[in-house]
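Comments concern the structure below.
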Amino acid sequence: AVVSTQSTGGKGDRAARTPGTLFEDPDGLIQMPASLKVESWKRPSDYLGEKVQTVVEDPEQTGRLKILLNNQAVFKQSELVRAIITEIALLCQTEIPSPPGLRSDLNGSADVWKPWHHIYPRSKPPNSFPIHSASGKYAVKLFWMGAWRKVIVDDQIPFDAEGRALLPMCECETELWLPILSKAIVKIASLNFGSERKGSEVAGISVIQMLTGWIPEVIDIKSRGDEDMWNLIHSVLPKWTEDSKMESSSAQSVSSNTAAANPATKEPSLIFGTYNIGFNGDEP
């Protein structure tokens with residue numbers, strides 16, 4: 001089974017509890033998108049050496065995540081990786097409240113969502129944050145098939161023939177939250193590889209839904225003309241005016257103003273639009 005709501009209790013779990021033993025996912029190595037050619041799998045200790053590993057250096061960091069520039073090569077290669085990077089960055093930039101059901105240590109408070117909130121093991125409350133697993137076993141909480149699920153992964157990272165990681169990596173190479181979270185997303189996405197739209201790596205899945213539980217509305221823009229598409233955008237997106245004192249470049253302003261518009265639920269009334277970008281050689 002790919003996901004579960006409790007510990008698998010299998011051989012892999014017993015091995016993970018043995019001191020000095022590295023955990024291996026009982027489901028085996030995950031299937032990577034066909035666009036990414038895996039040459040080898042490495043543990044963080046294989047490519048970091050004696051450097052101290054962490055899941056996240058600063059759990060309270062805010063603002064934009066610097067996860068694009070250091071992942072340009074794999075970003076260009078894979079449609080799924082593009083979706084993971086852009087949609088994580090989008091959610092971080094808008095600073096949405098933590099979705100209901102994601103964290104059990106909030107006691108009803110509307111903490112700001114962070115991508116590492118999905119990763120376990122964690123330190124004890126009240127300052128609960130993900131911690132490094134010496135065995136390499138991680139549980140990732142993702143929304144899939146109508147409920148929050150526990151997705152088990154190990155910390156083996158795929159690399160290509162040129163020694164480049166084929167999962168998105170953090171700017172600080174000793175931080176593991178991004179490759180661990182991405183690996184869990186790929187594990188779920190791999191169930192749909194080739195099952196729907198031919199050649200698409202994101203058929204039947206939504207990264208934002210996995211991270212928030214929000215229900216997506218998919219709009220086919222290929223069948224629409226330019227004018228029709230422009231009118232559609234105008235009809236669904238909020239119309240900002242000078243009176244709102246909104247700055248389009250300020251994610252904080254967008255988040256705070258939209259949340260204030262619905263004080264009863266404190267849920268943001270933002271509308272997200274994502275578009276899959278294709279590449280022709282080195283030119284976007």
Within the set K183/K239; K76/K239; K187/K239; K42/K222; K66/K150; K66/K137, which residue pairs have Cα atoms separated by over 29 Å?
-> K183/K239; K76/K239; K187/K239; K42/K222
At what distance in nm do the modelled label points of I131 and R164 sit from each other, each positioned 7 Å from its Cα along Cα→Cβ?
-> 3.7
On full extension of the chain, what length is gained from E217 through S98, given 0.36 nm per residue of separation minus the C-alpha to C-alpha distance?
-> 40.8 nm
Using the Karplus equation 6.51 cos²θ - 1.76 cosθ + 1.60 (θ = phi - 60°), what ³J(HN,Hα) coupling, rounded to whole Hz, does each residue of the stretch 37-50 give in order, writing x for Gly and Pro?
-> 9, 7, 9, 7, 10, 10, 7, x, 5, 6, 10, 9, x, 8
In what order, largest first, do E87, E24 sit by accessible area if the probe radius is 1.4 Å?
-> E24, E87
V236 accessible area, assembled protein chains, probe 1.4 Å, Å² = 60
Could you rank D58, D105 by how accessible they are, 1.4 Å probe, largest area first?
-> D58, D105
Once Lys and Arg are counted +1 and Asp and Glu -1 for all other residues with Cβ under 11 Å from that of K141, the total becomes +4
How many angstrom lie between the C-alpha centres of the stretch 211-235 and the stretch 126-181?
-> 31
How much of the accessible area of the stretch 70-163, in percent, comes from carbon and sulfur atoms when a 1.4 Å probe is used?
-> 55
Largest to smallest accessible area among K51, K66 [probe 1.4 Å] = K66, K51
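The values are calculated or read from the model by the stated rules, or taken from the named source; none is laboratory data. Every value quoted in this text rests on a predicted model; they were computed, and no experiment measured them. We place every Cβ from the backbone using ideal geometry, glycine too, and count neighbours over all the protein chains shown. Ligands, DNA and RNA are stripped out before the accessible areas are found, and what is left, the full protein with its side chains, is counted by its heavy atoms. Shrake-Rupley method; radii C 1.70, N 1.55, O 1.52, S 1.80 Å.
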